[in-house]
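The values are calculated or read from the model by the stated rules, or taken from the named source; none is laboratory data. What you are looking at is a predicted structure, and each value in this text was computed from that prediction instead of being measured. Cβ sites come from the backbone with ideal geometry, for glycine too, and all protein chains shown count toward neighbours.
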Amino acid sequence: MTFDINRAMYDSSANSEKKNSDYQKIFNDEAPTIGYISSKGPCEFILVPPHPSFGAFQSMTSGYFREDELRGTVPTLGQYGLDWAYVYRKVGSGDPKSRKDILAINMVETDDGVAIQAEGEWGRGYKSPMYKLYEYLWRTGGGHKYDKQARRSIPSVPVDMNSPQTRRALELVPINNDLNAPMGRAIRTLFLQGFMIKSAGLQYVMTEQGEPCWPKHKILMINQVSAIKSRQDAKDKEGFYDAFFERTDDIPMDRRLVNEAFGDIANNPDALAAWESGFLHSDFATQQKLLTFSSYSSGPAGIATYRCNVTNLSNRYGANYALPDDVLSRVRPFSDYILLNTEELQKQWLQELFVGDEWALIGAGITNNNSVRIAVPEMPNFTPTAAIPAPTPIAPTYIPTPTIPTPMVQAAEISPKPAIKPPYATPESLQATAKPKAPAAAGVDLSDRLMVMVNRLKDVKGGNA
């Protein structure tokens, strides 16, 4: 099977449900659709680990930590989500429906296998093509910065406001741009996989005919930092990490102290199990958890702030309500959903999304005068033949992926039908409608999957797609 970069252009009219590749460049079509938290009402979400049949490791964390200047040390998620990644939302100068969400990571092949370069805050470390384009347009438009004394944004770079390029740059990156701008700054994003109950006033436990059904399998996309982790000096700790990773002992979230108390949690499954047993919700693999995100106005500007609450699902709906195994069996390891994402592909996507603004791509150093613009094809089986400049070599920042041969937390055995009859009759159409694909071998990790994708990319570069 060869890799097709134009998969987003295929004809999906035969399926009424939108596929992920129809509108973004993050997840493949095996991934569940994306849901969002909203300020219009509470968002209720059931967080579950990947199903054991896929050989996935069902831990709360990956055994690693992230450092945040304002929010301290936080653990990285297990295989039920993706965190601390930057996303460029709704990129493109054309019809908003044709814009794309792009994940700012670069998968590169090295002598040791596959490494991931992840764009950092303010472009520190790996600078993605999206970052370079945003920075170039921002400077071309005057490099506006907010002045607290003047209470407005003022230019920091002298520019000719009569220049067509300056005016166009201000259209692509407005002075006070938001998510609807053709090119917006990347937003640190949290992805969680599970089942949506309700969001923005919409119920996901009822069919269009008003019949009860199981919640919808989705990926919850959270890009509001206040919902991810509270600041260290915040009076109330109400972010997702504050709630989900609440501890029952006095061990602080400090990697040195954790390793002294439990051992090397990144490479020793027993040490990781011992450390994770100290979390209040360490039983999330066997006791389904209900996450509730709610919003409230913060400050005179009325900016929405989000709080997260985590509790057992049974506390809300009673012991009779539990998702059956044939529903949970659809939940794959999160790494199975990631679309191949390289710097070279990101450059091609930007050429497709900024047709007519090649001057900006050249000025940002993304393409050169000899590059051939790739137009968006009309045929779904189009194969790109234009030469794309090779990315500038950048020393990769490794994010090690531990290979853990066996699941540490054993999920409770659940029969194909609910052990306790749910409080209503479940429609037959939702019972056992999908069986899990052949489980992945327990020893297969993200690096192995990425290696397969890199080999596919080689086929494209060699003209074999």
query = Quick check: anything in segment 157-175 without any contact (Cβ under 8 Å) to a residue 24 or more places away in the chain, more than 24 Å from Gln24 (Cα to Cα) and among the β-branched types (Val, Ile, Thr)?
reply = yes
ask   = (1) assigned to a helix (DSSP H, G or I); (2) under 30 Å from Leu179 (Cβ atoms): which one isn't true of Asp233, the others all being true?
value = (1)
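When you check Ile105 against the structure, is it touching a residue at least 24 places away in the same chain (Cβ under 8 Å), under 22 Å from Ile187 (Cα atoms) and either more than 18 Å from the chain's Cα centre (by Cα) or crowded, with 19+ Cβ neighbours inside 10 Å (or both), yes or no?
Yes; evaluated as a whole, the condition is true for this residue.
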key: Verdict on Asn341 being surrounded by fewer than 20 Cβ atoms within 10 Å (Cβ to Cβ) and touching a strand residue (DSSP E or B) at 6+ places or on another chain (Cβ under 9 Å)   = no
task = Determine whether Lys90 is in contact (Cβ under 8 Å) with a residue 40 or more places away in the chain, basic (Lys, Arg) and on the phi > 0 side of the Ramachandran plot.
result = yes
task = Would you mind stating whether Arg332 is exposed (fewer than 14 other Cβ atoms within 10 Å of the Cβ) and in contact (Cβ under 8 Å) with a residue 24 or more places away in the chain?
result = no
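Within the group Ser294, Ser298, which residue is surrounded by 13 or more Cβ atoms within 10 Å (Cβ to Cβ) and either out of contact with any helix residue (DSSP H, G or I) (no Cβ under 9 Å at 6 or more places or on another chain) or at pLDDT below 90 (or both)? Can you show your working first?
On the way: Ser298 fails: surrounded by 13 or more Cβ atoms within 10 Å (Cβ to Cβ).
Answer to the check: Ser294.
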remark   = So, first residue within 17 Å of Val310 (Cα to Cα) in segment 222-235, second residue in a loop (DSSP other than H, G, I, E, B) and of a type in the set (A, V, I, L, M), Cβ within less than 8 Å, six or more apart or across chains; the pairs are Ile222/Ile37; Ala227/Ile37
task = Collect the residues in segment 63-92 that are surrounded by 22 or more Cβ atoms within 10 Å (Cβ to Cβ), not in a strand (DSSP E or B) and not polar (S, T, N, Q), keeping them in residue-number order.
result = Gly78, Tyr80
request  = Would you check which residues across segment 93-112 are within 30 Å of Asn267 (Cα to Cα) and part of a strand (DSSP E or B) and list them?
outcome  = Leu103, Ile105, Asn106, Met107, Val108, Glu109, Thr110
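Would segment 244-255 turn up any residue that is surrounded by fewer than 18 Cβ atoms within 10 Å (Cβ to Cβ), within 20 Å of Cys43 (Cα to Cα) and over 24 Å from the mean Cα position of the chain (by Cα)?
No, because not a single residue in segment 244-255 is surrounded by fewer than 18 Cβ atoms within 10 Å (Cβ to Cβ), within 20 Å of Cys43 (Cα to Cα) and over 24 Å from the mean Cα position of the chain (by Cα).
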request  = State yes or no: is Asn259 over 23 Å from the mean Cα position of the chain (by Cα) and surrounded by fewer than 14 Cβ atoms within 10 Å (Cβ to Cβ)?
outcome  = no
query = Applying the selection to segment 163-215, what residues are charged (D, E, K, R) and under 25 Å from Asp101 (Cβ atoms)?
reply = Arg168, Glu171, Asp178, Arg185, Arg188, Lys198
request  = Please work out if Val310 is among the β-branched types (Val, Ile, Thr), assigned to a helix (DSSP H, G or I) and surrounded by 18 or more Cβ atoms within 10 Å (Cβ to Cβ).
outcome  = no
query = Could we say that Thr286 is surrounded by fewer than 20 Cβ atoms within 10 Å (Cβ to Cβ), part of a loop (DSSP other than H, G, I, E, B) and not aliphatic (A, V, I, L, M) here?
reply = yes
